[in-house]
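Data first, discussion second: the structure below is written as structure tokens.
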Amino acid sequence: MATEASARTTASGADAPRRYRLIGSTASPYALKMRAILRYRRVPFDWVIMTRELRRETAYVQPNLIPILQYPDTGEYRTDTTALAYDLETRHPSERSILPPHPAVRFLCDLLEDMADELAVKCLFLYRWWDPEDQEYVSRWTAQEWSTSEAPVGTQEEIDEFRARQVGRMRILGATGDNKAVLERVYFRILEAFEPHVGMNRYLFGARPSLADFAWYGQLSEMATDPSPMRIMRECAPFTDIWARRLDDASGVEGDWHKPEASVTPWVEALLRLAGEFYLPFLKANAEAYAEGRERLQLDALGGTYVLQPFKFQVRCLERLCRLFAELSAQDLDLIRPVLSQTGCLPYLDE
């Protein structure tokens, strides 16, 4: 589930664009995720960079995060890339669905999408704002597309204000010295999971990309651009770097899903193992800390300790995953219960 919470506001039909309008930034992994989904599904849309004028136009959409998708029939603005992806499936049913048809496989897709949106982004934020080289590069890039500053556009003042704002958020998002080693291990584990398996028309659940592929693309494509994680990826996972760039526009990709019994590939299993060792334990620790009113959660995993302020949104992430798991039939569960047990995921879902 994407970090943008859902927000909906209805405008008059007279204000509606003729096509979908996706408002975002090239520096946002969620905006790139949504843009790639629209391209793959061949849904007509216009890509619009967020400007100060557009920020004022959409200021009433809360939370005011990007991307924002404006609907062509009502003029309504919506956020939350997961909800948007599912809504587009309803509005535009076609054979180019990004949701695996088998319920159990779709659950795995939902789980891996959620992990990309909520865990990989922590690695991205750490690398993006830890080293001065990355800070300088990214703040020059993103200040004009993403800034809330009142400084003149394109000035050093605007760049410096944006940089200071993002660096100031590092502790809130867990990008601290205490957590650095753990998040670096997470990044290397992600690359290790992807590198042996990516290729032309090779995706998580078949020869066509799924919602989970697009979520991972969003995060990996940004880390393939920022200086520090880019160097790591090109050295340790060069084919993953190419895979992410290629998924930017998969409008010409044609392919089939794996058969349900062949859907749990070593690639999927490797990511599930990371979910079982770190992501799901983190979600549980977060939920417990939030329920108890604690200011910090602590998780011992991957040979280190991860400490962070608990967030309500990620409580809802765990609740959603447990609900989706509970809705599976006994027959569907038979397909994926073994791998969820082997990878350590099952105890966190079967509560």
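The values are calculated or read from the model by the stated rules, or taken from the named source; none is laboratory data. Because the structure is a prediction, the values reported are computed rather than measured. Using ideal geometry, Cβ is built from the backbone for each residue, glycine included, and neighbour counts are taken over all protein chains shown. Side chains included, ligands, DNA and RNA excluded: accessible areas come from the protein's heavy atoms. Shrake-Rupley method; radii C 1.70, N 1.55, O 1.52, S 1.80 Å.
Structural remarks
- Screening residue 50 against (1) within 30 Å of residue 107 (Cβ to Cβ); (2) touching a strand residue (DSSP E or B) at 6+ places or on another chain (Cβ under 8 Å) leaves a single unmet condition, (1).
- If you go through region 161-178 and keep only what is in a loop (DSSP other than H, G, I, E, B), surrounded by 14 or more Cβ atoms within 10 Å (Cβ to Cβ) and of a type in the set (A, V, I, L, M), you end up with 170, 173, 175.
- Subset of region 327-351 [open to solvent by less than 80 Å² (accessible area, probe 1.4 Å) and more than 22 Å from residue 266 (Cα to Cα)]: 328, 329, 330
- Residue 256 open to solvent by 10 Å² or more (accessible area, probe 1.4 Å), free of Cβ contacts under 8 Å to residues at least 40 places away in the same chain and under 23 Å from residue 37 (Cβ atoms): no
- The number of residues in region 45-84 that are of a type outside the set (Phe, Trp, Tyr) and not in a loop (DSSP other than H, G, I, E, B) comes to 17.
- Members of region 197-239 that are among the charged types (D, E, K, R) and part of a helix (DSSP H, G or I): 213, 222, 231, 234, 235
- Residue among 268, 198 that alone is in contact (Cβ under 8 Å) with a residue 40 or more places away in the chain and under 29 Å from residue 316 (Cβ atoms): 268
- Of residues in region 295-316 being free of Cβ contacts under 8 Å to residues at least 24 places away in the same chain and in contact with a Pro (Cβ under 7 Å, 6 or more places away or on another chain), the one least open to solvent (accessible area, probe 1.4 Å): 297
- Condition check for residue 181: over 16 Å from residue 278 (Cβ atoms), modelled with pLDDT of 95 or more and assigned to a helix (DSSP H, G or I): no
- Test: residue in region 193-214 that is modelled with pLDDT under 95 and open to solvent by less than 60 Å² (accessible area, probe 1.4 Å): yes
Results for (1) buried (at least 17 other Cβ atoms within 10 Å of the Cβ); (2) of a type in the set (Asp, Glu), shown as yes or no for each residue.
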residue: 41; (1), (2): yes, no
residue: 50; (1), (2): yes, no
residue: 58; (1), (2): yes, no
residue: 66; (1), (2): yes, no
residue: 71; (1), (2): yes, no
residue: 74; (1), (2): no, no
residue: 77; (1), (2): yes, no
residue: 80; (1), (2): yes, yes
residue: 88; (1), (2): yes, no
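- Qualifying positions in region 70-98 - under 20 Å from residue 256 (Cα atoms), among the acidic types (Asp, Glu) and out of contact with any Ser or Thr (no Cβ under 8 Å at 6 or more places or on another chain): 95
- Qualifying residues in region 90-99 (those that are hydroxyl-bearing (Ser, Thr, Tyr) and in a loop (DSSP other than H, G, I, E, B)) - the one most open to solvent (accessible area, probe 1.4 Å): 94
- Residue 7 being modelled with pLDDT under 95 and surrounded by fewer than 17 Cβ atoms within 10 Å (Cβ to Cβ): no
- Every pair of residues 6+ apart whose Cβ atoms lie under 8 Å, when the first sits in region 156-172 and is within 12 Å of residue 125 (Cβ to Cβ) while the second is open to solvent by 80 Å² or more (accessible area, probe 1.4 Å): 170/130
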